1. Is it the case that some residue within the stretch 101-114 is hydroxyl-bearing (Ser, Thr, Tyr) and assigned to a helix (DSSP H, G or I)?
2. If you take the residues in the stretch 32-71 that are aromatic (Phe, Trp, Tyr) and within 14 Å of the ligand (Cβ to nearest atom), which one is farthest from GLU108 (Cα to Cα)?
3. Could you list all residues from the stretch 104-146 that are of a type in the set (Phe, Trp, Tyr) and within 15 Å of the ligand (Cβ to nearest atom)?
4. Which ones in the stretch 49-66 are at pLDDT 95 or above and surrounded by fewer than 14 Cβ atoms within 10 Å (Cβ to Cβ)?
5. Among the residues that make up the stretch 154-163, is at least one of them within 30 Å of ASN33 (Cβ to Cβ) and not assigned by TED's automatic domain parsing to the domain that holds LYS36?
6. Is there any pair linking a residue in the stretch 42-65 that is outside the structural domain of GLU131 (by TED's automatic domain parsing) to one that is more than 15 Å from the ligand (Cβ to nearest atom), with Cβ under 6 Å and at least six apart or on different chains, and which?
7. Just name the residue that is nearest to LYS92 (Cα to Cα) out of those in the stretch 1-14 that are at pLDDT below 90 and surrounded by 12 or more Cβ atoms within 10 Å (Cβ to Cβ).
8. Within the set of pairs 6+ apart or on separate chains, which have a first residue in the stretch 146-161 that is within 16 Å of SER125 (Cα to Cα), a second that is among the charged types (D, E, K, R), and C-beta atoms under 6 Å apart?
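The values are calculated or read from the model by the stated rules, or taken from the named source; none is laboratory data. Just so we're clear, the structure is a prediction, and the values are computed from it rather than from any experiment. Note: ideal-geometry Cβ built from the backbone for every residue, glycine included; neighbour counts use all protein chains shown.
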Amino acid sequence: MSAGAEIEEWFRDLRASQDKEPKNAFYLCKTKNVAKAVKATFEKGVTMEEESRLLGYPLCCVRDHYRRSEQMETAFYMMIKRTAQGNVDEMKRIVTEDVAVTAATAEEIALLQDGQTFHPAPFTSFHMCSECFSKDGSPAKKLSERYEALAKKVDAGFAGTIEVNAEGVGS
Ligand SMILES: [Zn+2]
């Protein structure tokens, strides 16, 4: 991250306050202990290690998800700061009024490109990190193959439907 791209706390707070939409998720598990652990994450937050364990996603891919999110947030912050010429009140207005800003500097463009480079893990619901994406037998590819085998075992037609509809599957 470059100098000047350090996101200020007020910006993070303002962005977090905008993210209050109720979200529903269903989590299926076998044991009560796991259900309790999942419930606790909504009360006290979750570490990447816990998230990886509870979702069954490779830790490297979970870490990369947060790294990409941070790249996006940094790019957004930089674009707003540049557009508002560093005026904090104007920056707040841009955020709260959802004013469109565009990437203009090489750094902003690079951050956005990196932040938006997704490698869906076929037959799962997560994105692979670059390392997993580039290596056969990586944790994400192994998991993907397991779920592909499961889908085919359930029903070949079902697996085909997933393949047709899922982003990145079969590519
Ligand atoms: Zn990975």
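1. Taking the stretch 101-114 and keeping what is hydroxyl-bearing (Ser, Thr, Tyr), we get 102, 105.
Add one more test, that the residue is assigned to a helix (DSSP H, G or I), and what stays is none.
No: zero hits.
2. Kept after step one, since they are aromatic (Phe, Trp, Tyr), are these residues of the stretch 32-71: 42, 57, 66.
Add one more test, that the residue is within 14 Å of the ligand (Cβ to nearest atom), and what stays is 57, 66.
Values: TYR57: 29, TYR66: 18 Å.
It comes out as TYR57.
3. PHE118, PHE126, PHE133, listed by residue number.
4. GLU49, TYR66
5. Keep residues of the stretch 154-163 that are within 30 Å of ASN33 (Cβ to Cβ), which gives 154.
Next, only the ones that are not assigned by TED's automatic domain parsing to the domain that holds LYS36 stay: 154.
Yes, there is a match, as at least one residue in the stretch 154-163 is within 30 Å of ASN33 (Cβ to Cβ) and not assigned by TED's automatic domain parsing to the domain that holds LYS36.
6. LEU54/VAL38
7. Of all residues in the stretch 1-14, those at pLDDT below 90 come to 1-6.
Right, trim to surrounded by 12 or more Cβ atoms within 10 Å (Cβ to Cβ) and you get 1, 5.
Details: MET1: 22, ALA5: 16 Å.
Once the filter is applied, the top-ranked residue is ALA5.
8. Short answer, once both residue conditions are applied: ALA159/LYS152.
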